[in-house]
Amino acid sequence: MKAAIIKAPGQGPIYADFDKPAAHAGHRLIEVTASALSHVARARASGTHYSSAATFPFVAGVDGTGRLEDGQRVYFFKPEAPFGSFADYTIVSGDHCAKLPDALDDVTAAAIAIPGMSSWAALVERGGFAAGETVLINGATGTSGRLAVQIAKHLGAGRIIATGRRKAALQAMKLAGADVTISLEQDEDALNRAFESQFAVGVDVVLDYLWGTSARALLISAAKASPDDHPVRFVQIGSISGADIQLPAAVLRSAAITLSGSGIGSVPLPRLLHAMQEVFNAAVPAGLQTETQVVSLADIGKHWANTDSLRRTVFVPRP
């Protein structure tokens with residue numbers, strides 16, 4: 001079969017022949033129909049992700065959509081090494097599959113799967129969200145953040161606050177369901193005032209896709225402005241703006257702030273797959289969507305370095 005093969009650390013994928021997997025007990029052979037390029041897939045392939053494997057060669061890709069041998073359409077996650085999702089076929093543990101609703105097409109499912117799951121799991125599993133609460137999404141103009149706005153709206157958020165740097169994309173967040181938008185492209189004092197004004201009214205859950213300076217400002221603003229009887233659950237998801245922040249210890253002592261993370265390892269896999277199934281079930285009724293670019297798997301080398309956060313690249317083995 002054809003596959004995108006990683007032969008050594010730090011190297012991009014090579015489209016070439018790879019042995020086809022064989023079904024065995026407890027695992028399902030899947031004919032892949034679509035698989036999205038994600039930060040996780042790229043980081044695991046480069047060896048920089050905390051869940052990366054250390055054995056080469058292997059097939060890149062962590063998830064996708066496809067068909068079982070009986071023709072059933074499924075989403076699959078975490079194929080058995082050395083196989084991955086960027087291939088004609090892969091093999092996955094039977095409990096790592098989720099059935100796709102008939103109304104949801106394979107490409108859309110592949111595109112929204114990981115960003116949708118990360119938003120749903122962070123909000124529900126880690127953030128303990130309840131309908132009617134206020135959610136602040138830091139970094140809402142990226143793929144995951146935009147889906148987080150849509151998901152929070154679908155789950156009944158009372159108020160949604162979205163932050164971001166891209167002016168046009170931030171304005172579009174209001175169409176997606178945001179009640180308030182805050183530009184991160186302003187000086188420190190103005191940004192702090194904007195954050196504090198929102199926490200003074202009451203913010204229940206913060207979903208942070210950025211970390212870095214904006215996350216630090218949010219945490220300090222939450223400590224300064226949140227009402228004494230209004231706890232804030234801050235859930236860290238991504239670190240596009242920096243891996244570290246310097247946070248005064250008093251921030252966590254002076255206010256009822258719960259700081260946690262959400263990702264592979266912090267949420268049990270069965271719960272992640274449950275969140276994924278919930279996303280798929282909600283996709284059509286809630287109109288969950290993201291801009292998508294469909295590319296032949298044979299051209300993966302040309303698109304591997306694509307880091308466009310506004311559009312998902314989805315590879316298809318058979319265009």
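The values are calculated or read from the model by the stated rules, or taken from the named source; none is laboratory data. Model, not experiment: these values are computed from the prediction. Please note: Cβ atoms are built from the backbone with ideal geometry, for glycine as well, and neighbour counts cover all protein chains shown.
Here are some notes:
- In this structure, residue 71 does not satisfy being touching a helix residue (DSSP H, G or I) at 6+ places or on another chain (Cβ under 6 Å) and modelled with pLDDT of 85 or more.
- Within the stretch 67-83, the set of residues being under 22 Å from the mean Cα position of the chain (by Cα) and either at positive phi or not assigned by TED's automatic domain parsing to the domain that holds residue 277 (or both) comprises 78 only.
- Hits in the stretch 197-211 (condition: in a helix (DSSP H, G or I), without any contact (Cβ under 8 Å) to a residue 40 or more places away in the chain and crowded, with 17+ Cβ neighbours inside 10 Å): 199
- Qualifying residue in the stretch 279-297 (condition: closer than 21 Å to residue 44 by Cβ, in the same structural domain as residue 38 (by TED's automatic domain parsing), in contact (Cβ under 8 Å) with a residue 24 or more places away in the chain and out of contact with any helix residue (DSSP H, G or I) (no Cβ under 8 Å at 6 or more places or on another chain)): yes
- Strands (runs of 3 or more DSSP E) (entirely within the stretch 62-140) containing at least 1 residues that are among the polar types (S, T, N, Q) and surrounded by fewer than 24 Cβ atoms within 10 Å (Cβ to Cβ): 89-93, 134-138
- Complete set of residues in the stretch 25-48 that are in contact (Cβ under 8 Å) with a residue 60 or more places away in the chain and over 26 Å from the mean Cα position of the chain (by Cα): 26
- Close pairs from the stretch 124-151: first more than 28 Å from residue 185 (Cβ to Cβ), partner of a type in the set (Lys, Arg), Cβ under 6 Å, at least 6 apart: 125/271
- The set of residues in the stretch 250-267 that are modelled with pLDDT of 95 or more, part of a loop (DSSP other than H, G, I, E, B) and out of contact with any Pro (no Cβ under 9 Å at 6 or more places or on another chain) contains only 262.
- The single condition from (1) assigned to a helix (DSSP H, G or I); (2) of a type in the set (A, V, I, L, M); (3) closer than 19 Å to residue 112 by Cα that residue 217 fails is (3).
- Residue check, residue 19 of a type in the set (D, E, K, R), assigned by TED's automatic domain parsing to the domain that holds residue 99, modelled with pLDDT of 95 or more and under 18 Å from residue 312 (Cβ atoms): no
- Checked against the criterion of being in contact with a helix residue (DSSP H, G or I) (Cβ under 7 Å, 6 or more places away or on another chain) and in the same structural domain as residue 299 (by TED's automatic domain parsing), the candidates 60, 45 yield just one match: 60.
- Subset tally (residues that are assigned to a helix (DSSP H, G or I) and crowded, with 24+ Cβ neighbours inside 10 Å) for the stretch 141-165: 10
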